[in-house]
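Remarks on the structure that follows.
The values are calculated or read from the model by the stated rules, or taken from the named source; none is laboratory data. The structure displayed is predicted, hence computed values, not measured ones. Cβ placement follows ideal geometry from the backbone for every residue including glycine, while neighbour counts extend to all protein chains displayed.
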Amino acid sequence: MTLGVFLLVLFAATCHAGWNYAARKVSGNLVVIWLALLCGNIVLFPFAMGWNIYNGFSGSISISGIGYIIASGVIHSVYFILLAYAYRLGEISVVYPIARGSGVGLTAILAWLVLSEEVSIYGAVGIGLILAGIISMGLPAFNRTVKIQGLGLALCVGSIIMSYSLIDNGGVSHVDPVLYMWLMGTVTTILMLPYVFYKYAGAIMQTFKEYYTYILIIGMGSISSYLIILIVFTVGSVSYIVAVREFAVVIGALLGIIFMKEQCTLAKIAGIASIVFGLICIKGS
């Protein structure tokens with residue numbers, strides 16, 4: 001992995017941890033998350049169109065590309081709904097590591113099996129260390145703060161992360177990443193709309209007035225972090241990219257410990273160290 005790609009993925013991880021921290025601060029309020037996606041997509045629209053015009057409309061969308069966009073939109077809509085419920089039940093320093101950890105492990109394994117990606121010994125050790133670190137950060141909480149429903153939701157979120165990572169890695173080979181991101185976000189927002197209106201129709205305007213700062217943070221953070229990932233998918237290995245992106249777990253845990261006064265344990269410290277060493281192994285591979 002080149003230094004430029006490595007640094008871009010780390011920046012994306014920072015953005016990702018930031019918007020997840022904001023989502024946890026509002027206790028996984030689904031209306032906030034949906035409004036954030038809507039606002040982020042509105043902001044992205046002129047950039048997507050301008051980028052497409054700049055490239056002379058060279059990024060025409062094939063039937064395969066449409067299939068990837070729809071599939072990703074369906075999966076992302078389920079992802080955001082489950083993530084919202086997960087953050088109602090657990091700490092960010094617990095739910096976040098479990099969800100991201102199961103996601104990176106499954107993605108790396110399936111990328112090797114399905115996409116036939118080559119992983120060096122150092123790369124495999126790095127992915128293993130990252131996965132072990134994430135598990136270390138999450139396991140001590142199983143008998144303390146995470147209810148069985150929360151644990152199940154976090155693991156479901158992890159499997160969804162694996163699914164959309166592999167789908168989007170294929171999608172950006174058919175559609176320009178910027179246009180793909182906007183179209184996928186549009187599909188996601190539309191698919192979530194009936195559920196949000198059915199459950200919270202009377203609270204949408206009040207939620208916007210009360211939480212507009214969090215809406216902007218989540219919207220801009222989610223759009224920018226994943227757009228960067230889609231772009232680097234076109235030039236790097238998906239298993240390495242997804243693994244390095246898990247540095248967000250360290251940032252998310254620190255945000256929870258420092259600002260939300262969540263418990264700092266030896267397991268969390270060991271997990272952070274393991275993730276950092278794993279990143280070093282991947283960078284050196």
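A few points about this structure:
- Residue list for segment 249-274, restricted to those being assigned to a helix (DSSP H, G or I) and hydroxyl-bearing (Ser, Thr, Tyr): SER274
- Some residue of segment 22-31 being without any contact (Cβ under 8 Å) to a residue 40 or more places away in the chain, surrounded by fewer than 22 Cβ atoms within 10 Å (Cβ to Cβ) and outside any loop (DSSP other than H, G, I, E, B): no
- None of ILE218, ILE258 is in contact (Cβ under 8 Å) with a residue 24 or more places away in the chain and under 23 Å from ALA99 (Cα atoms) except ILE218.
- Considering residues of segment 1-21 that are aliphatic (A, V, I, L, M) and buried (at least 23 other Cβ atoms within 10 Å of the Cβ) only, the residue farthest from the chain's Cα centre (by Cα): VAL9
- Boolean, TYR68 is aromatic (Phe, Trp, Tyr), closer than 23 Å to TYR240 by Cβ and crowded, with 18+ Cβ neighbours inside 10 Å: yes
Residue by residue, here is whether (1) among the polar types (S, T, N, Q); (2) closer than 29 Å to ALA71 by Cα holds:
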| residue | (1), (2) |
| --- | --- |
| THR189 | yes, yes |
| TYR195 | no, yes |
| TYR200 | no, yes |
| LYS209 | no, no |
| TYR212 | no, no |
| ILE215 | no, yes |
| ILE218 | no, yes |
| GLY221 | no, yes |
| TYR226 | no, yes |
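- Identity of the residue in segment 44-65, modelled with pLDDT of 90 or more and surrounded by 15 or more Cβ atoms within 10 Å (Cβ to Cβ), that ends up nearest to SER225 (Cα to Cα): LEU44
- Matching residues, segment 75-125, being at pLDDT below 80, aromatic (Phe, Trp, Tyr) and within 13 Å of the chain's Cα centre (by Cα): TYR96
- In the set (1) in contact (Cβ under 8 Å) with a residue 24 or more places away in the chain; (2) more than 18 Å from ILE223 (Cβ to Cβ), the condition left unmet by TYR54 is number (1).
- For LEU38, the conditions (1) under 14 Å from THR189 (Cβ atoms); (2) surrounded by fewer than 23 Cβ atoms within 10 Å (Cβ to Cβ); (3) touching a Phe, Trp or Tyr at 6+ places or on another chain (Cβ under 6 Å); (4) among the aliphatic types (A, V, I, L, M) are fulfilled apart from (3).
- Among residues that are small (Gly, Ala, Ser) and more than 30 Å from GLU262 (Cα to Cα), GLY40 is not included.
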